[in-house]
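The values are calculated or read from the model by the stated rules, or taken from the named source; none is laboratory data. What you see is a predicted model; the values in this text were computed from it and never measured. All Cβ positions, glycine included, derive from the backbone under ideal geometry; neighbour counts span all protein chains shown. For the accessible areas, the whole protein counts, side chains as well, though only heavy atoms, and no ligand, DNA or RNA atoms are used. Shrake-Rupley method; radii C 1.70, N 1.55, O 1.52, S 1.80 Å.
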Amino acid sequence: RKKVEEALLKSEELLRHYFEQANIGLALTSPQKGWLRVNHYLTGMLGYTAEELFTKTWAEMTYPEDLEADELQFNRVLAGDIDNYNLDKRFYRKDGELVFTHLTVSCTRKPDGSVNFIIATLEDISARKLAEKQLKRKNRSLYAISKCSEIVVHAKDEQSLMDDVCRSIITAEGYILAWIGIAEQDENKTVRTAAQAGFEDGYLETLFLTWDDSARGRGPAGTAL
């Protein structure tokens, strides 16, 4: 009996050490009792103390657009359809910033098949998501430049060139608005809209852009010119 007790204590100590030292967020919950335990990595990731986390629900911290997919899978676990699932999910930190995570949820069951414990692991993938977003943006820009180069080669006149460039950027790349401004050599140094495509709805007419050394001239268009 002594050997069994000692082995059990060592086993519990090992599990406790793994739980606290793991380089991933870990949470143990129960459908009946809610939060049971969280590790330091998870509290650091979300910016809460363990005591603060225990006063909140997962839904409260979840980015609204990600809630439905998570609840759908979680309800399948409770219903006994599946024992685990994983998905990418965004959470709000205590400071209001978003953290991207890869969430894995698994469970242990009682003899009657109902859920006993729920184990959630959260991997912080914010850096990876940011890199993917930046790469996608760069690739989109490079593709737009390539398409514009093709248009330049086949253009027959300046106006059709500008119209086709704006149209190509909108249709091929998914930008909301593309427009070309010409620097007028008048007294006010105004910027004339020479071509545009996409959702504009009178927006350009309200800008009254210039390229002089004034507030309106120091915006993106004036600075570029």
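Results, tabulated for the structure shown:
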quantity: Nearest-0.05 FRET efficiency for F208 and L67, computed from C-beta distance (R0 41 Å); calculated: 0.45
quantity: Anisotropy class of segment 123-225 from Cα gyration tensor, a/c 1.5 cut; calculated: oblate
quantity: Max mean-square fluctuation residue, GNM over the chain, Cα-Cα springs under 10 Å, options I176, I118, I24; calculated: I176
quantity: Cα long-axis angle, helix 158-173 against the chain (0 to 90 degrees, to the nearest 10); calculated: 10
quantity: On Cα atoms only, tilt of 64-79 relative to the major axis of the chain in degrees; calculated: 30
quantity: Extended-chain gain in nm, criterion 0.36 nm per residue less alpha-carbon gap, N84 and T49; calculated: 9.9 nm
quantity: Share of carbon and sulfur in the accessible heavy-atom surface of the chain [1.4 Å probe, %]; calculated: 54
quantity: Sites excluded, chymotrypsin sites (Phe, Trp or Tyr not before Pro) in DSSP loops with at most 15 other C-beta within 10 Å, longest stretch of the chain; calculated: 55-198
quantity: Helix 2-21 axis, angle to the chain major axis (alpha carbon atoms, nearest 10°); calculated: 10
quantity: Segment 129-176 versus segment 46-89: alpha-carbon centroid distance in Å; calculated: 40
quantity: Per residue solvent-accessible surface (Å²) - segment 113-225, probe of 1.4 Å; calculated: 69
quantity: Stretchable slack from V152 to L225, in nm (0.36 nm times residue separation minus alpha-carbon distance); calculated: 24.2 nm
quantity: GNM result for the chain, Cα springs below 10 Å: residue of R37, R192, R76 fluctuating most strongly; calculated: R192
